[in-house]
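Each reported figure results from applying straightforward, stated rules to the coordinates on display, with no laboratory input. Owing to the predicted nature of the structure, the values given are computational and were not obtained by experimental measurement. FYI the Cβ positions are ideal-geometry reconstructions off the backbone, even for glycines, and counts take in every protein chain you see.
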């Protein structure tokens with residue numbers, strides 16, 4: 001389980017968990033004296049009157065390091081350093097391809113545009129959107145898309161097509177752009193956390209240069225400081241419309 005997944009489990013289950021600093025070294029523990037039930041082969045050799053038992057060590061499954069790419073192609077795009085009201089960013093470059101920034105699974109897709117200016121429901125402002133959860137445990141949200149190129153449940157790798165930058169949702173009243181938010185996944189449908197919890201520009205800058213800067217630690221730290229964010233978001237205005 002990723003650090004983000006563990007922290008989210010602790011928050012939802014209301015249990016105490018001991019967190020570790022992202023840079024802390026693993027803690028060594030005394031091996032149990034009771035044999036495990038894992039399927040291993042034990043070899044015994046006898047030299048004279050002395051028997052030696054060789055027990056193979058168990059190695060953990062290999063987890064590849066996530067790879068990150070700049071999630072906009074086909075157009076020269078631009079973005080600022082802040083977003084009004086919360087931590088996210090708007091990326092400009094109408095018609096740009098929006099692609100997966102890392103490997104993961106597409107978890108939400110909306111192909112309708114229910115936003116109505118007179119109501120201005122925050123749950124529908126994103127128009128057409130795609131949400132994916134990376135193998136790094138981070139949730140990535142792309143909104144105001146003009147076209148969708150993926151489906152819920154799709155397994156994606158870095159650079160796979162998600163959609164096209166457009167002008168849906170409340171972007172109909174502004175310039176064509178894509179809203180990009182980075183957060184942790186919540187267990188229920190909501191829009192308040194999904195829209196963004198950390199600022200993306202430094203990650204976009206790094207990925208644009210081919211640098212492998214991961215948002216995992218910052219997302220985990222922000223979640224640890226806001227353990228009730230998902231629960232609060234579940235009770236926010238029209239959360240189930242998100």
*Could you pull the Rg and Dmax for segment 72-241, using just the Cα atoms, both in Å?*
14.7, 43
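Which order do the peptides 179-188, 80-89 come out in when sorted by mean C-beta neighbours inside 10 angstrom, highest first?
On the way: 179-188: 22.1, 80-89: 13.7.
With the highest mean Cβ count within 10 Å placed first, the list reads 179-188, 80-89.
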_Please arrange 199, 223 by how many other C-beta atoms lie within 10 Å of their C-beta, fewest to most._
199, 223
*asked:* Using a 10 Å cut-off around each Cβ, can you sort 218, 116 from fewest to most neighbouring Cβ atoms?
replied: 116, 218
*Normalised contact order of segment 72-241, rounded percent, pairs of Cα under 8 Å and 6 or more residues apart*: 24 percent
*Quick one: plug the Kirkwood hydrodynamic radius of segment 142-242 (C-alpha pairs) into Stokes-Einstein at 37 °C, 0.692 mPa s, and report D in µm²/s.*
214 µm²/s
*asked:* Rounded to whole Å, give me the distance from the Cα center of segment 78-99 to that of segment 168-194.
replied: 11 Å
